[in-house]
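Enquirer: If you scroll down you'll find the structure; I have some questions about it.
The values are calculated or read from the model by the stated rules, or taken from the named source; none is laboratory data. Everything quoted here is computed from the prediction, not taken from an experiment. Here Cβ is always computed from backbone atoms with ideal geometry, including for glycine, and neighbour counts include all displayed protein chains. Just so you know, the surface numbers come from the protein's heavy atoms only, side chains and all, with ligands and any DNA or RNA stripped out. Shrake-Rupley method; radii C 1.70, N 1.55, O 1.52, S 1.80 Å.
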Amino acid sequence: MDAVLEAVANPFRGIVPKPAALPADPQALRRQLHHSLQVWRAEGFLVVWLEIPITRAALIPVAVEAGFAFHHSGADYLMLTRRLVDGAFIPPYATHYVGVGGVVLNAARELLVVSERYRASQGPAYKLPGGALHPGEHLVDAIIREVHEETGVKTIFEALACLRHWHGYRYGKSDIYFVCRLKPLSQEIVMQADEIAQCLWMPVETFLTAAEVSAFNKRIVQAALERPGLVPARLDGFTDYDKREFFMPEF
């Protein structure tokens, strides 16, 4: 009898075969998988999470033949799932992008703004510097990095001002955009020419009345300037701040 695939259980009564232990030969996987599914079902597991490395992509048709469906993929793997019990819950993969924008106001009440290169043919459309978070990156670190990359201006984080949630963004996923207030530590602009067509310090009153600035961008700047926002906080019982961020009202 073929051996059961080497696997570990997760806390949700799922079973996860070890990718490195998968046989390289599709026929061998076909036999082992058939036997393993019977055993795991008898043991009361609900879902099988099968990660196939790209180096063993020839195994994918075997998994599909056995009733597995695609769940998500990374650069070097494909994750497939199979219910062992009808109706067993399989959480969806990531559904959102996370972006940040920075309201940077200097002592002369000038706002740091950019106009993106891809819109240059349509005329200037000024907005806040910012961009998408990297995997595992904190909001605070991301907005400081993005502002510096796009404009060359160094900043420190002050508060989280507001956010926007938008459905139907890139690849049909949703997007959460956090607006942060930052204090500039430098004034000189060194523009990121690959992505940015213009970058300048604009009087904030000009920004708030300019026709080429969207109503949304005006409103989020007002929110950042007129409200204290949420500040980074530490909570009792938590020490893993490399993995967590908390923002609370300042008491």
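Enquirer: What percentage of all Cα-Cα pairs in the stretch 134-205 are separated by more than 16 Å?
Expert: When every Cα pair of the stretch 134-205 is considered, 60 percent fall beyond 16 Å.
Enquirer: Hey, another quick one. Just flag the GluC sites (Glu not before Pro) in the stretch 207-245 sitting in loop per DSSP whose Cβ has no more than 16 other Cβ atoms within 10 Å.
Expert: Sparse-neighbourhood loop GluC sites (Glu not before Pro): Glu212, Glu245.
Enquirer: Taking only protein heavy atoms and a 1.4 Å probe, what accessible area per residue, in Å², does the chain have with all protein chains in place? Mind showing how you got there, number by number?
Expert: Numbers: 14220 Å² over 251 residues.
Value returned for the chain: 57 Å² of accessible area per residue.
Enquirer: Can you give the three extents of the C-alpha atoms in the stretch 62-196 along their principal axes, from longest to shortest, in whole Å?
Expert: 65, 34, 26
Enquirer: Cut-off under 25 Å on the C-alpha distance; same-chain residues fewer than 8 positions from Lys173 excluded. Which lysines are left, in chain and number order?
Expert: Lys127, Lys243
Enquirer: Rounded, prolate or oblate, given the Cα gyration tensor of the stretch 23-102, with a/c below 1.5 counting as rounded?
Expert: oblate
Enquirer: Another question, then. For the chain, report the translational diffusion coefficient in µm²/s to the nearest whole number, using Stokes-Einstein at 37 °C, 0.692 mPa s, and a Kirkwood Rh over Cα pairs.
Expert: 151
Enquirer: Something else about it: Could you work out the helix-only [θ] at 222 nm for the chain, with each DSSP H run of four or more residues adding -39,500 (n - 2.57) and the total divided by the number of residues, to the nearest 500 deg cm²/dmol?
Expert: After summing the helix terms and dividing by residue count, I get -6500 deg cm²/dmol.
Enquirer: If you don't mind, another one. Report the chymotrypsin sites (Phe, Trp or Tyr not before Pro) located in the stretch 1-102 that are in a DSSP loop and have at most 12 other Cβ atoms inside 10 Å of their Cβ, or state none.
Expert: Phe89, Tyr93
Enquirer: So, one more: With viscosity set to 1.002 mPa s at 20 °C, what whole-number translational diffusion coefficient in µm²/s follows for the stretch 150-251 from Stokes-Einstein and a Kirkwood radius over Cα pairs?
Expert: Translational D for this selection: 131 µm²/s.
Enquirer: Next question. Using only Cα atoms and rounding to the nearest 10 degrees, what angle (0 to 90) does helix 215-226 make with the longest principal axis of the chain?
Expert: The two axes meet at around 70 degrees.
Enquirer: As an exercise, identify the trypsin sites (Lys or Arg not before Pro) in the stretch 156-231 lying in DSSP coil whose Cβ has no more than 16 other Cβ atoms within 10 Å.
Expert: Lys173
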